[in-house]
Amino acid sequence: MGVIVNNMLLEKSINFFKVIWVLFHFYAIWALPLSINQMIVLHLGFATMFIFHTCYEQARKKEPHNSKNNKLMMIIWLLLFIFMFLVTMYFFFQYRDIINHIGTPTFDQIIAGSTLILLVLIATFSVWGFIIPLLVTAVSIYALFGRYFGGILFHSGIDFARFIGYSATYYMGTLGSLTNYSATLIIHFLLFGTVLQAVGGSEAINKLGKIFGTRFRSGAAQSAVFSSCMMGMVSGSIPANVAITGSFTIPMMKEQGYSPEYAGSIEAVASSGGQIMPPVMSVVAFLIAGMTGMPYSYIVLAAILPALVYYFSLAFNVSIRSQKIKLNVDIKEQERKISTELKAILFEYGYLLIAIIILTWRIVSGESAPRAVFWGSLSLVVLGFINIVIRCLNNKSKNIYQEILKYFHKLYEGLIKGANETAKVAVILASIGIIMETFTTTGFGQRLSYFIVSMAGEIGSFVLTLLVALLVLFFGMGMPSAGAYLISILLVAPTLTRLGFELLSVHMFVFYYSMLSAITPPVCLGILVATGISGGNFLKTALTSLRLALPGFIMPFFFLYKPVILHFRTNPLGALEFNLLLLLASCGLAVAFEGYLLKRIGWISRIICFFAVLLILHPNMLLSYLGALILLLIFILTTVIAKYKNNSFFSKI
C-alpha cells in the first residue's frame, strides 16, 4: 500500500513540477531571470527527466505489475531520472566555470557532457524510436574517425574532448540553437495548442467538422478534410492527428459508402496537410524562421496560399468521388439542421475564435512570437472562464463552483500535456543539434554541397532536385516533420541555394517533402494509423493517398522554379496568380484520375486533361495559360453536356 501511495505521490509531484516548468517559460519571456544558456539547460534537463518519469510510469502500469522485468525497468528509468537531475544541476551551477573552459574542458566537464549526450539519446530513443539515435551514433563515429574515410567524407578527425565540447560543453549541439528554439519559441505555441484543446478546442473542431460536412454530398469526407486541417494546426503530429479525428471521421465515411481504403487515405492526407497550415505548421515555421533569419509572420504569409491550394484540391477530389459513386445523402434534410446546430456551437465555443484572432493580430502587428502567444493563451483562459460563469448563471441547475473547479482542472491537465509534448520536441531537437554541429565542424555539409553542385552540370538541376526530394523522403521515414526537416535541410540547403534557388523556397521545398514522408511508403506512419482505424488494405490506402496528395508533391517544385508563389507579402497578385494556376492543375489531375466531372468522361478527354495539366506546370507562362484555357474549356463543356442526359457524345470521346 505504501509503495502505491509513494508512486501516486511521485506522479502528482512530477505533474506539479511540469506545470511550474511551463509557467516559468511564460515568466522568462518578460524578464529573463537567467542567462540564455542556463535557461536552455533547465529546459532540456527537465524535459528529459519528464520523459524518463513517463517511461517509469509506463513500466509500473504494465501488466503483469510485479514481474521482474517491469521492476528492473522501473529501477533503470528511476536511475536515469536521477542521473539527468544531477547532470542538469551540474551544468546549471557550474555554468561560469564551463564557459571559462571553452576550448580546454576539464575531465569532469567531459564526463558530464558525455553523460548528457547519452541520456538525451536514450530519451530520444524512448520517444521517437531508433532512427535519430542511430544517425547521431553514425555521425559521432564519423566525427571521431574521419581521417580513415575517403573522398568527400575525409576530414582530419576531431578528438574526443573537442567532440564532447561541440556536442554539449561549449553550449552547442544538445545545448545549442535548436534547443534554444524549443526553450524560447516552440514551447509557447505547443502550449497554446494544448490550452486550446483543454478549453474545448477539440470538441469545437469536431462538431464544426461534422456540420461543415453536411453541406455537401461528400459530407463525411469533407468533414474529415475540414476537421483534420483544424486539428493539425494545433496537434503538431500527423499520427496523433489521424488518431484523434480519424476515430470519428473514418467510421462516418465508411458508413456513408466510401471504401475503407479511400476513407483511410482521405484522413491520412488531410491530417498530413495540417502540418503545413499556418499559423503553427508543426512548429517547423519557427525553425524555418530561426534557420533563415526571416520574421515568423513572413513565413506564415508565404505558406498560407499553398496550404489552401492543398486543401481545396483535396476537397475537390472528395467531391467528384462522391458524385462518381453516387452517395445517397439527403442534403436538404441535413441543411435544415445546420442553422440551429451552428448557432449552438458558436454560442458555446465562439470565444475561441477571439483568442485566435488576438494571437494572429499580435503576430502580424510585429510583436515577438512568444509574447504574442502569451496573449493568445491568456485570452483563452480568461474568455473560457467568463464563458463558464455565463453558462452557469444561465443554467441555474449547475453548481458554479464545481464547474469552475472542473475548468481549472482541465487547464491544469492541458499544461501537463503541453509539458509532455514540449519534452518530446526538446529531446529530438537536442539530438539533431549534435548532427548539425558535426556537419559544420567537419566541413561535410560544405563538401557535400560542392559535390552535388558539380553533379548538377552533368545531370541538370531539375533531375538533381528530384534526387533531393527522394533524399528528403528517405530521411523522413518514421520521423516527425520537424526532425525530418532539420536532418534534410542540413544536407541539402547549401546545395540548392548554390544552384540559385531562393532561401525560403529551399526551406519550404524540404518542409513539404518532410511532411509528405508520413504518407509515402514503405514506413508512412500516417497511413499505418489510418488503416488501423479503417481496417483497409495498407498498400491500397498508401497508393490512394499518394494520388490524393499529388498536388503536395508538385507544389514544392513551384517553390523552387516559380518562387513568386511564396511572395504573398511583397507580390500578392503574382502569388495569387500562380497559386490559382496550381489549383486548376490539381483539379485537372483529379478529373483525369477519376474520369468523372458531373458525369463520366472518356479516355480522350482524360488524356487531354493530363496534357493540359502538363502545360500549366511548364515554366513558360504562355504554355501555362494555354493549358489553363484547355482545362477550363473541358470543364465548361462537361458541365453543359451533362445537362442533356440523352446526349452521349462526350462519354464516347
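Around Asn420, with a cut-off of 12 angstrom between Cβ atoms, what is the net charge of the other residues, counting Lys and Arg +1 and Asp and Glu -1? Net charge in that neighbourhood comes out at 0. Length available on full extension from Ile99 to Ile76: 0.36 nm per residue minus the Cα-Cα distance, which gives 5.1 nm.
Close amide H pairs (under 5 Å, H built 1.01 Å from N) link Tyr596 with Ile601, residues at least 5 positions away or on another chain. With Cα atoms defining each centre, the stretch 344-384 and the stretch 554-574 are spaced 29 Å apart in the structure. With both labels modelled 7 Å from their Cα along Cα-to-Cβ, the Leu573 to Lys540 distance reads 5.0 nm. Each Cα pair under 8 Å and six or more residues apart adds its sequence gap; the mean of these over the residue count of the stretch 573-653 is a relative contact order of 32 percent. Computed from label points 7 Å out along Cα-Cβ, the spacing between Leu153 and Met294 is 3.5 nm. Between their Cα atoms, which of Lys254/Lys540; Lys326/Lys599; Lys62/Lys410; Lys68/Lys417; Lys18/Lys417; Lys18/Lys62 are more than 20 Å away from each other? Exceeds cut-off: Lys62/Lys410; Lys68/Lys417; Lys18/Lys62.
When only alpha carbons of the stretch 573-653 are considered, Rg and Dmax amount to 13.1, 43 Å.
Helix-derived [θ] at 222 nm for the chain: sum -39500 (n - 2.57) over DSSP H runs of at least 4, divide by residue count, nearest 500? Only helices count here, giving -26000 deg cm²/dmol. With K and R counted +1 and D and E -1, the other residues having a Cβ less than 14 Å from that of Tyr171 yield a net charge of -1. For the stretch 68-130, chymotrypsin sites (Phe, Trp or Tyr not before Pro) meeting the loop criterion (DSSP other than H, G, I, E, B) and having at most 13 other Cβ atoms within 10 Å: Phe130. Normalised by residue number, the volume inside the convex hull of the Cα atoms of the stretch 2-175 is 150 Å³ per residue.
Inverting the pair-averaged 1/r between distinct Cα atoms of the stretch 356-495 gives 19.6 Å as its Kirkwood hydrodynamic radius. For the stretch 2-175, the relative contact order comes to 21 percent (Cα pairs under 8 Å, sequence separation of at least 6).
By the equivalent-ellipsoid construction on the alpha carbon gyration tensor, the chain comes out with semi-axes of 43, 34, 22 Å, ordered largest to smallest.
Can you give the percent of C-alpha pairs in the stretch 18-60 whose distance is more than 17 Å? Distances greater than 17 Å cover 37 percent of the Cα pairs. Each Lys or Arg adds one and each Asp or Glu subtracts one; over the other residues with Cβ under 15 Å from the Cβ of Met294, this totals 0.
Each reported figure results from applying straightforward, stated rules to the coordinates on display, with no laboratory input. On a predicted model such as this, the values are computed, not experimentally measured, just so you know. Every residue, glycine among them, receives a Cβ derived from its backbone with ideal geometry; neighbour counts consider all protein chains shown.
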